[in-house]
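Trainee: To start, I am sharing the structure in question, which I have written as structure tokens.
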Amino acid sequence: MSRSRAVPILSALALGAAFVAGCSSSKTSTSSSTSASSSTTAAPSGTVVNVVVSDTSGLDGPETLTVDKASVAGGDDITFVVKNTGTIDHEMLVLKTSLAFDALPVVDCGDPPVACGGSDTADKTDEAGNIGETGDPNLKPGDTRTFTIKAADIPAGGYALVCNIAQHYQKGMRAAFKVT
């Protein structure tokens with residue numbers, strides 16, 4: 001083949017290779033982005049509060065509810081990211097209250113105690129001030145759930161974050177929370 005015919009053919013091949021490489025690179029980027037977005041949830045807006053609910057041996061040991069921010073500024077939506085690192089099911093509720101977080105009234109869930117999880121002393125806090133929660137079903141060990149409370153629904157004031165499964169509040173699953 002003569003040199004004059006080879007140059008246009010090689011140029012065309014180089015252009016084609018560059019085009020394919022460009023498409024391939026673009027496709028990989030899009031695929032990676034799509035894959036990442038399908039495996040994660042959208043970034044929450046406003047303030048994010050991380051909560052860990054846990055226990056060491058179910059109702060036979062201590063139970064905890066820890067929060068990374070005990071106080072946040074008002075005016076923004078608040079997104080709670082709740083992770084269960086314990087061995088049994090848990091939940092988390094946000095209760096509006098003027099009482100201390102560890103002095104909430106405890107109510108009897110009724111008879112039979114099966115209505116509250118099967119415990120003989122099936123007690124829970126009153127949920128009258130509930131403005132947000134992880135919802136049903138309860139969080140299984142290892143689960144994480146996210147929920148957002150709109151700024152208009154969480155005014156300045158005192159709140160209690162609690163696990164309100166029977167006996168969990170009494171076992172220590174509570175924390176103070178304040179919106180300023």
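Please treat every number below as a calculation from the coordinates, not as lab data. Here the structure is a predicted model, which means the values were calculated and not measured. Reconstructed Cβ throughout: ideal geometry from the backbone, glycine too, with neighbour counts over all protein chains shown.
Trainee: For the stretch 147-164, just list the computed ³J(HN,Hα) in residue order, Karplus coefficients 6.51, -1.76 and 1.60, θ = phi - 60°, integers in Hz, with x standing in for Gly and Pro.
Mentor: 9, 10, 10, 5, 3, 5, 9, 9, x, 4, x, x, 9, 10, 9, 9, 9, 10
Trainee: What lysines could a cross-link reach from residue 96, if we take a straight Cα to Cα line under 21 Å and drop same-chain neighbours fewer than 8 places away?
Mentor: Answer for residue 96, where 21 Å is the Cα cut-off: 69, 124, 150, 171, 178, listed by chain and number.
Trainee: In nm, to one decimal, how far is the residue 50 label point from the residue 106 one, both placed 7 Å along Cα→Cβ?
Mentor: Simple spin-label model gives 3.1 nm for this pair.
Trainee: By how many nm would the segment from residue 69 to residue 87 grow when fully extended, if each residue of separation counts as 0.36 nm and the alpha-carbon distance is taken off?
Mentor: Difference between extended and current length: 4.1 nm.
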